[in-house]
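Let me begin by presenting the structure, written as structure tokens, before commenting on it.
The values are calculated or read from the model by the stated rules, or taken from the named source; none is laboratory data. In this text, all values refer to a predicted model and were calculated from it rather than measured experimentally. Cβ: placed from backbone, ideal geometry, glycine included. Neighbour counts: every protein chain shown.
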Amino acid sequence: MRKISTRKIIAPFCLAVLFFTLLMAPSAYQSLKWQQATEAAGSLPYQIGLTNVIVVNCVTTGIPPICTGGILCNTLDAARCPLYVDVSGTPAGGMGKNALFSLIAIGQAGLTAGGQLIAGGMSPVLMDSGVLASAGGCYGCVAKDNLRDKFLAWFDKYIIAGFKSK
């Protein structure tokens, strides 16, 4: 009977473990970032969770100028109007189905129409003073100062950038 070397057994096993680790790491990392965003949003008095998001820009029209566009745009004055968007969608938790967010918050969170979001703020209407997170990123999330979060920040900066397809 022929003896099989341990090298012939261990090498394919290690390659399989490495393959599955690289396959699962991006989804595990994204899940961890989403968990951190939900913890941050949950610490604020008003929360909203939406799926199938609809993003409508607020615009100034008429004389005297008024803010129109989405459902909540009329709560803004004419000067701040073009800097905000009305976001609505199917409620997935929280306290409502629409809110106003600044264009800066939407851009940093990477929110797109049809996506999903979780947000928390100090007001049920203007939530750009809090946290907004979507699959594209997070606005208002404060980095924690523990070793795990420092490692993940390094991992995000140097490693994940190489695996992004776009």
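Return the only residue of G93, G114 being modelled with pLDDT of 85 or more, out of contact with any Ser or Thr (no Cβ under 8 Å at 6 or more places or on another chain) and surrounded by fewer than 14 Cβ atoms within 10 Å (Cβ to Cβ). Going through G93, G114 in turn, the sole match is G114. The residues in region 49-92 that are among the hydrophobic types (A, V, I, L, M, F, W, C) and part of a helix (DSSP H, G or I) can be counted, and the count is 3. Residues in region 117-138 that are modelled with pLDDT of 80 or more, in a loop (DSSP other than H, G, I, E, B) and within 17 Å of T90 (Cα to Cα): V125 only. In this structure, is I10 assigned to a helix (DSSP H, G or I) and either modelled with pLDDT of 85 or more or within 18 Å of S129 (Cβ to Cβ) (or both)? When the stated conditions are applied, I10 does not pass them. Tell me which residues, restricted to region 48-102, are under 15 Å from I118 (Cβ atoms) and more than 15 Å from the chain's Cα centre (by Cα). Of everything in region 48-102, those that are under 15 Å from I118 (Cβ atoms) and more than 15 Å from the chain's Cα centre (by Cα) turn out to be S88, G89, T90, P91, G93, G94, M95, G96, K97, N98, A99. Residues that are under 21 Å from V59 (Cβ atoms), part of a loop (DSSP other than H, G, I, E, B) and without any contact (Cβ under 8 Å) to a residue 60 or more places away in the chain within region 93-114 comprise L111, T112, listed in sequence order.
Tell me whether region 73-86 contains one or more residues that are modelled with pLDDT of 85 or more, surrounded by fewer than 18 Cβ atoms within 10 Å (Cβ to Cβ) and among the acidic types (D, E).
yes
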